[in-house]
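So the structure is just underneath, and the comments pick up after that.
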Amino acid sequence: LEGKKDELVTELKSKMEIHSNRMEYEFAKRYRDIIQNVGQYQKRQMVVSIDGGDEDVFAFAKREDEGQAVVFEVRGGKLESKKTFAMQGLEFSSQREVISSFLRDYYMEAKFIPKAILLPENIKEEAKILLNHISLISGFIPKIKFPSKGEKASLLKLAEKNAEMNLTERILATK
């Protein structure tokens, strides 16, 4: 939904009213049920940013050859989704190398670029080329942040715990 739930609800209500006015109550009921489901989904979302911005929070965990990346997608200040990515063959790669190559791959295919990207490690030098390419596609350069305190740092820590937990679960499942 990419943060467009309010637009969706408005459109659904319009369609519900059209069917109701035509006395097509079964169709109107379906739209009402969909609107209620979207409302329940909105209630379950966790508010993570008071400023209400769009940002991606990236975290990474690594053990020997295995790795796990987690991206929290915050849209409109709410945690919209969590994406996880399993990685292998990392034994001789530093965290800095993995983060920079992951970001390159992730944002080259992204359909939405947030205004800010929160990272656990300062990779500004590695990210310059990526940021320039993103600016050509999106028309702006997202801010890269490395929070060490406050609500952004807490959100980053939560993403890091998720990455660590997902990696542990994956390793245990394969043993």
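Some observations on this one:
- Solvent-accessible surface of the chain, taken per residue with a 1.4 Å probe and all protein chains present: 63 Å².
- Cross-linked pairs 82/111; 13/111; 124/149; 15/115; 83/143; 78/128: Cα-Cα separations exceed 23 Å for 13/111; 15/115; 78/128.
- Ranking 79, 23, 129 by Cα position along the charge dipole of region 23-175, where only Lys, Arg, Asp and Glu carry charges on their C-beta atoms, puts 23 farthest toward the positive end.
- Nonpolar atom fraction for the chain, defined as the carbon and sulfur part of the 1.4 Å probe accessible area, stands at 53 percent.
- With Cα atoms as the point set, region 114-175 shows a radius of gyration and Dmax of 15.2, 46 Å.
- Per-residue Karplus couplings for region 18-29, computed as 6.51 cos²θ - 1.76 cosθ + 1.60 with θ equal to phi - 60°, are listed in order as 4, 5, 5, 5, 7, 6, 9, 5, 5, 5, 4, 5 Hz, Gly and Pro entered as x.
- For region 51-136, alpha-carbon Rg relative to the globular expectation (2.2 N^0.38 Å, N residues): 1.10
- For the chain, built as a Gaussian network whose Cα springs stay under 10 Å, the top-fluctuating residue of 35, 123, 144: 35
- The chain, relative contact order [Cα under 8 Å, separation at least 6], %: 21 percent
- With Cα atoms as the point set, the radius of gyration and Dmax of the chain evaluate to 19.9, 67 Å.
- When you count the other C-beta atoms within 10 angstrom of each residue and take the mean per peptide, 116-122, 88-94, 77-83 line up highest first as 116-122, 77-83, 88-94.
The values are calculated or read from the model by the stated rules, or taken from the named source; none is laboratory data. Predicted model, so just to flag it, every value in this text is computed and none were measured. Note that each Cβ is placed from the backbone with ideal geometry, even for glycine, and that neighbours are counted across all protein chains shown. These area figures cover heavy atoms from the full protein model, side chains too; ligands, DNA and RNA do not enter into them. Shrake-Rupley method; radii C 1.70, N 1.55, O 1.52, S 1.80 Å.
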